[in-house]
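Every number here is computed from the coordinates shown, using simple stated rules; none is lab data. A quick note: this is a predicted structure, and the numbers were derived from the prediction, not measured. Cβ: placed from backbone, ideal geometry, glycine included. Neighbour counts: every protein chain shown.
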Ligand code: ARG
């Protein structure tokens, strides 16, 4: 018989059983469910709602079930629909009728909310740690490539040369914001819904604060109706995860381009690439492509949850059971993607001579020539026009700006002197950008050390977050 079978005269249709059940996926919450039940039952005992002996028997029963779950010996069935009733049924089978006291003053509505809070809390920490590991890999490469210069692109056209470290540090900054978003959202995750009951609270003299403290929560939901129907924290979690995927997909795209024959800026490690079943010469960047591809499913989960929540009346509705699979899949996707991206970055080889060659072509120093003319008193707009014409001339002559003779320069501007050549040198072009956050060596070194310090600070914050 079902745990709720009292008022029913018929057995559940098998189609309903299969359609309604969530055990196939919410078994992922077994540990959280048992942990929450243990805290609940201790509180019931401490508040005199059940006896000490009953408390201990239930705790022992739950510990045994947890052991079975860990050993993979727990048998879940769709007959008992979800993880909550499967565990309660196992408890009753294990210790007898007294197991039926576990659910005193509690509903599956506040129970499932509690489980999800515990789950997202744990995964927020694990994901943040994985991002820190990726940042570490990026910082290590950045440290090695302060003096490696490549073209920076806008519109995927060569724009201005930059240090490779500078390029990598841009990603460190993106992931730093992601870590901060996880930290910021944490206070809404670390809030305890238990004690809300089904909707309106409970008639038993429960101590909500005690449960929250035992589970390490920093606050309590202050409205029982909100407690059982709030899924904002899941939307927030999925949205932070979506931005992480945005950043991973942008980095993936660059790795795919950079490792192509056309660019040849990096060589991805053989251990992280795959071959073609037909074309023997192929070495494909499947992993960054897959990360880029998997971004779509994470966005999809965010949109699906927003849509599930839209216009949903208070309070619990079965629609809310749909919140789980997307969250679980997102966690799996992000963990796999972050781990592999860190490995790809750590093991990639950088072709600095190719990068440098490209940085020296394509007039990436044209802005510097214009800035030089500004230094000679010419308004920037006029200087821009002069250099534009010079570039056109050089394209026709198949030269770089550095190859032009002084006589040629003078046809466009008599103000240009011998000192122009050093201003057009790649290293000087890069190091002239000394503005804060620019690509000059002193700025890049400063940012590098700031980012390392922030990484350590975040590591500290995350390890003490609850
Ligand atoms: N499996 C359900 C879910 O995930 C648990 C809560 C069920 N509550 C209820 N009143 N039917 O949402």
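Quick check: anything in the stretch 54-64 part of a helix (DSSP H, G or I) and within 16 Å of the ligand (Cβ to nearest atom)? Scanning the stretch 54-64 turns up no residue that is part of a helix (DSSP H, G or I) and within 16 Å of the ligand (Cβ to nearest atom).
Counting residues in the stretch 248-267 that are in contact with a helix residue (DSSP H, G or I) (Cβ under 8 Å, 6 or more places away or on another chain), in contact (Cβ under 8 Å) with a residue 60 or more places away in the chain and farther than 29 Å from residue 153 by Cβ gives zero. Counting residues in the stretch 76-83 that are within 14 Å of the ligand (Cβ to nearest atom), within 19 Å of residue 95 (Cα to Cα), assigned to a helix (DSSP H, G or I) and in contact (Cβ under 8 Å) with a residue 24 or more places away in the chain gives one or more.
Looking across the stretch 250-269, the residues that are surrounded by 22 or more Cβ atoms within 10 Å (Cβ to Cβ) and within 22 Å of the chain's Cα centre (by Cα) come down to 251, 252, 255. Checked against (1) surrounded by fewer than 22 Cβ atoms within 10 Å (Cβ to Cβ); (2) part of a loop (DSSP other than H, G, I, E, B), residue 246 passes all but a single condition, namely (2). The residues of the stretch 305-334 that are away from the ligand (no atom under 14 Å from the Cβ), part of a helix (DSSP H, G or I) and over 24 Å from residue 289 (Cβ atoms), listed by number, are 306, 307.
Taking the criterion of being touching a residue at least 40 places away in the same chain (Cβ under 8 Å) and over 18 Å from residue 455 (Cβ atoms), would at least one residue in the stretch 124-140 satisfy it? No, the stretch 124-140 has no match at all. If I ask for residues that are closer than 25 Å to residue 213 by Cβ and near the ligand (Cβ under 10 Å from one of its atoms), which ones from the stretch 84-115 would you list? Matches in the stretch 84-115: 84, 107, 108, 109, 110, 111, 112, 113, 115.
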